[in-house]
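Structure, as structure tokens:
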Amino acid sequence: MKLLISALTKYIAGLVLFGALIFVPAGTLSWSHGWLMMGILFIPMLVMGAMMMIFAPELLEKRIKSKEKRKAQKGIVALSGLTFIASFIVAGLNLRYGWTTLPTHIAYIASILFLIGYGVYAEVMRENQWLSRTIETHDNQTVISTGLYGIVRHPMYTATIVMFLAIPLVLGSWPSFIIMLPYIPTIIHRINDEEQLLETELKGYTEYCQKVRWRLIPYVY
């Protein structure tokens, strides 16, 4: 029950906060792309959360935990948060003041990409029971090297990059898309710090890195 209450509290808080960040700057609730984004973000999140609550409560508890212990990661999380907030607010302001417009089909294509990213994200969580939101290792943790982890070492980050770059396009805002671009080097910095920890504390991770060369995109990085 405690886990359920914690999960629902974070879900509702996230829904309200995200809605406020886009609709308040927009100055209107009559924004179809805003509601589209709310739907494709929070409906799958609710379904995924319910599935974890039923079948993998320990994983859900790890995903709810969000307090980083590593100093470098605290800065990365803070920078990512500022990037997201700025991008969402600017998307609303872009609608209010009509700075830029995007063809409607771009929003629909971005919505599909976002949902594909969400699907990859869900598959990663199914494959990796150790997947917490914070950078840490766990007792008896083993290296996952099958499925998506046999293709790239950090498929979750690949999914989040696709998802977060798609959000400004769903909302029809080029300025927001530009603001979101620094998320990519931020994630790369997070990966570098995370791999230093894993190579030190997780048995077999160095050998895994030699087997799976690519971190995010095969033959690119």
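The figures follow:
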item	result
Any chance residue 202 is touching a helix residue (DSSP H, G or I) at 6+ places or on another chain (Cβ under 8 Å) and over 30 Å from residue 101 (Cβ atoms)	no
Answer from 163, 180 - the residue that is in contact with a helix residue (DSSP H, G or I) (Cβ under 6 Å, 6 or more places away or on another chain), free of Cβ contacts under 8 Å to residues at least 60 places away in the same chain and under 30 Å from residue 107 (Cα atoms)	163
In the stretch 1-23, residue surrounded by the fewest Cβ atoms within 10 Å (Cβ to Cβ) [restricted to those that are more than 17 Å from residue 58 (Cβ to Cβ) and small (Gly, Ala, Ser)]	13
Flag if residue 38 is without any contact (Cβ under 8 Å) to a residue 40 or more places away in the chain and part of a helix (DSSP H, G or I)	yes
Qualifying residue in the stretch 67-77 (condition: under 19 Å from residue 123 (Cβ atoms) and within 16 Å of the chain's Cα centre (by Cα))	no
Entirely in the stretch 139-221, the helices (runs of 4 or more DSSP H) that have 1 or more residues that are more than 21 Å from the chain's Cα centre (by Cα)	183-201, 205-211
Selection count, the stretch 51-110, where residues are polar (S, T, N, Q), more than 30 Å from residue 30 (Cβ to Cβ) and either free of Cβ contacts under 8 Å to residues at least 40 places away in the same chain or surrounded by fewer than 17 Cβ atoms within 10 Å (Cβ to Cβ) (or both)	1
Filter pass, residue 153 being among the charged types (D, E, K, R), more than 30 Å from residue 204 (Cβ to Cβ) and at pLDDT 95 or above	no
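The values are calculated or read from the model by the stated rules, or taken from the named source; none is laboratory data. Values in this document were obtained by computation on a predicted structure and should not be read as measured data. Counting neighbours? That spans all protein chains shown, and the Cβs are built from the backbone with ideal geometry, glycine included.
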